[in-house]
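Comments concern the structure below.
The values are calculated or read from the model by the stated rules, or taken from the named source; none is laboratory data. Keep in mind that what you see is a predicted model, and the values were worked out from it rather than measured. As a convention, Cβ positions derive from the backbone with ideal geometry for all residues, glycine included, and neighbour counts pool all protein chains shown. Just the protein is used for accessible areas: all its heavy atoms, side chains included, with ligands, DNA and RNA removed. Shrake-Rupley method; radii C 1.70, N 1.55, O 1.52, S 1.80 Å.
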Amino acid sequence: MKDIIDDSNKLIRSISKEVSLPLSKEDHDLLMDMHAFLVASQDEKLSEKYDLRPGMGLAFPQLGLSKRIIIIVHEYEDGKFDNYVVINPKIVSNSEEIIAAEAGEGCLSVNRDVEGHVPRFARVTVEGYDESGNKIRIRAREELSIAFQHEIDHLNGILFFDRINKKKPFYSENEIRLI
Ligand code: NI
């Protein structure tokens with residue numbers, strides 16, 4: 001797989017371009033690599049063997065490519081995974097309720113811990129296209145909702161720590177539901 005760039009590379013801040021469909025073979029093959037990488041990174045033995053940081057998702061700009069494509073590999077139950085590939089994704093609706101991951105967020109393009117709660121919508125509906133160009137719609141909640149917002153942010157050059165309130169990085173349970 002192409003190397004993942006980190007936030008010292010300016011490309012991570014660029015706004016990615018819409019992708020025309022169907023997807024090219026090159027992009028398809030890259031998605032297969034990204035999928036294998038994300039699965040391995042979430043596997044205890046493989047991640048140790050290859051020294052991988054666990055990652056739930058990746059966006060094409062993290063590989064230095066200006067394309068609006070995201071992939072998420074979500075372990076929804078112990079050892080059970082759902083895969084999402086969305087091309088030109090858009091959040092078309094969101095809950096009023098805001099949540100945050102209690103432990104904060106991490107990113108394969110940020111090679112350090114940045115502490116703080118990242119406020120996110122508890123639920124989002126995402127529309128976009130699959131690799132063949134069929135329109136898809138996904139309703140995501142909780143951890144998966146956070147993952148979609150995190151990855152879609154990458155397409156707009158936004159990193160998770162941009163959304164941490166510098167003056168008040170941590171919230172109490174009374175202010176935001178922490179998951
Ligand atoms: Ni990230």
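Okay, here's what the table says:
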read-out: Whichever lysines have a C-alpha closer than 17 Å to that of residue 45, once near sequence neighbours (fewer than 8 apart) are set aside; value: 80
read-out: Cα-based helix-to-principal-axis angle, 25-41 vs the chain, degrees rounded to 10; value: 40 degrees
read-out: Straight-distance crosslink candidates among lysines, where the alpha carbon sits under 16 Å from residue 67 and sequence neighbours closer than 8 are dropped; value: 2, 10, 17, 25, 90
read-out: Cα-based helix-to-principal-axis angle, 142-155 vs the chain, degrees rounded to 10; value: 60 degrees
read-out: Among 118-126, 104-112, the order from most to least packed when residues are scored by Cβ within 10 Å on average; value: 118-126, 104-112
read-out: Of all DSSP beta bridges in the stretch 55-179, antiparallel share, percent nearest 5; value: 95 percent
read-out: The stretch 92-179, accessible surface, carbon-and-sulfur percent (1.4 angstrom probe); value: 46 percent
read-out: Alpha-carbon centroid distance for the pair the stretch 85-162 / the stretch 1-18, whole angstrom; value: 17 Å
read-out: Shape category assigned to the chain from the gyration tensor of Cα positions, a/c cut at 1.5; value: rounded
read-out: Contact order normalised by residue count of the chain, Cα under 8 Å, 6+ apart, percent; value: 24 percent
read-out: Rounded if a/c under 1.5, otherwise prolate or oblate - the stretch 118-176, Cα gyration tensor axes; value: oblate
